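Participant: Before anything else, here's the structure in question.
Every number here is computed from the coordinates shown, using simple stated rules; none is lab data. A quick note: this is a predicted structure, and the numbers were derived from the prediction, not measured. Positions of Cβ are backbone-derived with ideal geometry, glycine not excepted, and every protein chain shown enters the neighbour counts.
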Amino acid sequence: MISLFIDTASSNLIIYLIQDGKIVSYTNKKVNNEMSIYFFPELEKLFNNSGLKPIDVDNIFIVNGPGSFTGIRIGLTVSKIYGSLMDKKVIPISSLELLATTDISCDYICSLIDARRGFVYAGLYDKNLETIIPDQHISVEELLKVIPKNKVVKFISYDEINNIDITIPNVNILKIVNKHITDEGINPHSLKPNYLKKTEAEENIGLNL
């Protein structure tokens with residue numbers, strides 16, 4: 001079984017090639033707003049380093065959000081085309097669940113992505129990646145109210161969030177792939193972004209109606 005894992009939803013470009021439960025080639029690098037510049041050269045490098053070909057891949061794991069709207073679209077577009085042309089199973093993954101694979105001593109992990117203006121994308125997970133509080137777009141103020149006070153909670157994020165002590169992620173790709181490897185997957189044409197909120201353009205249109 002050969003899996004391709006793609007995450008373009010944050011400022012980090014993450015691509016892994018996994019064969020029979022082992023990582024054979026990967027990249028995890030900060031590219032900020034240059035995702036489209038780095039993506040294809042890095043993908044090509046991974047296949048060259050592994051000796052595998054695109055046709056060898058059995059399934060595609062794609063992080064479909066929440067996160068950077070532009071970044072998410074890059075990964076989803078590639079996965080749709082790749083999956084359709086080569087008839088591959090596509091399995092969508094939450095970016096917040098991915099952050100929760102970080103190995104850290106606590107009861108729960110609260111995964112965060114800065115959504116600006118005092119809001120975050122947040123999800124609360126236990127150590128087995130089971131959902132405690134579903135992924136949502138929420139103000140930092142409200143989030144701190146709903147976090148369990150009787151549990152040790154660590155906040156994981158690539159971003160700096162005001163009033164929150166953040167731990168930088170060290171994501172475990174094998175952990176999340178192993179959890180979802182038996183997922184049925186979806187038709188590549190049905191793949192959709194999970195923004196958790198309207199885009200700024202959509203919000204502006206709503207204000208003008």
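Participant: Determine, at each q value in 0.12 (inverse angstroms), the log₁₀ of I(q)/I(0) that the Debye formula gives when each Cα of region 1-103 is one equal point scatterer.
Facilitator: After summing over all Cα pairs, the log10 values are -0.35.
Participant: Which of Ile91, Ile138, Ile133 has the fewest other C-beta atoms within 10 Å, and how do the rest follow up to the most?
Facilitator: Ile133, Ile138, Ile91
Participant: Where does the chain land on Rg(C-alpha)/(2.2 N^0.38 Å)?
Facilitator: 1.03
Participant: Oh, and also: Which helices count as membrane-span-like in the chain under these terms: full DSSP H, at least 24 Å along the axis by C-alpha, Kyte-Doolittle mean of -0.5 or more?
Facilitator: Helices meeting the criterion: 69-86.
Participant: What's the longest piece of the chain with no exposed GluC sites (Glu not before Pro), counting a site as exposed if DSSP puts it in a loop and it has at most 14 other beta carbons within 10 Å?
Facilitator: 35-129
Participant: Just in region 57-103: which trypsin sites (Lys or Arg not before Pro) are loop by DSSP and have at most 12 other Cβ atoms within 10 Å?
Facilitator: Passing sites in region 57-103 do not exist.
Participant: What is the sum of charges, Lys and Arg at +1 and Asp and Glu at -1, for the other residues whose Cβ falls under 11 Å from the Cβ of Ile166?
Facilitator: Taking every Cβ under 11 Å from that of Ile166, the sum is -3.
Participant: Sum -39500 (n - 2.57) across every DSSP H segment of at least 4 residues in the chain, then divide by the residue count to get the 222 nm mean residue ellipticity, nearest 500.
Facilitator: Calculated mean residue ellipticity at 222 nm is -9000 deg cm²/dmol.
Participant: Let me ask something else. Can you give the net charge of the other residues whose Cβ lies under 15 Å from the Cβ of Lys151, counting K and R as +1 and D and E as -1?
Facilitator: +1
Participant: Could I ask something else about it? Measuring from the lowest to the highest alpha carbon on each principal axis, how far does region 96-167 reach, largest first, in angstroms?
Facilitator: 31, 23, 20
Participant: Something else about it: How big is the dipole moment of the chain about its Cα centre under a simple scheme where the beta carbon of each Lys and Arg is +1, that of each Asp and Glu is -1, and everything else is neutral? Debye, nearest 20, please.
Facilitator: So the magnitude is around 80 debye.
Participant: Just to check I understand the Karplus step: with θ = phi - 60° and J = 6.51 cos²θ - 1.76 cosθ + 1.60, what whole-Hz values come out for region 140-149, glycine and proline as x?
Facilitator: Computed from phi, the couplings for region 140-149 are 4, 4, 5, 4, 5, 6, 9, 5, x, 7 Hz.
Participant: Given the options Pro169, Pro54, Pro188, state which has the largest fluctuation in a GNM of the chain using a 10 Å cut-off (strictly under) for Cα springs.
Facilitator: Answer for the Gaussian network model of the chain: Pro54.
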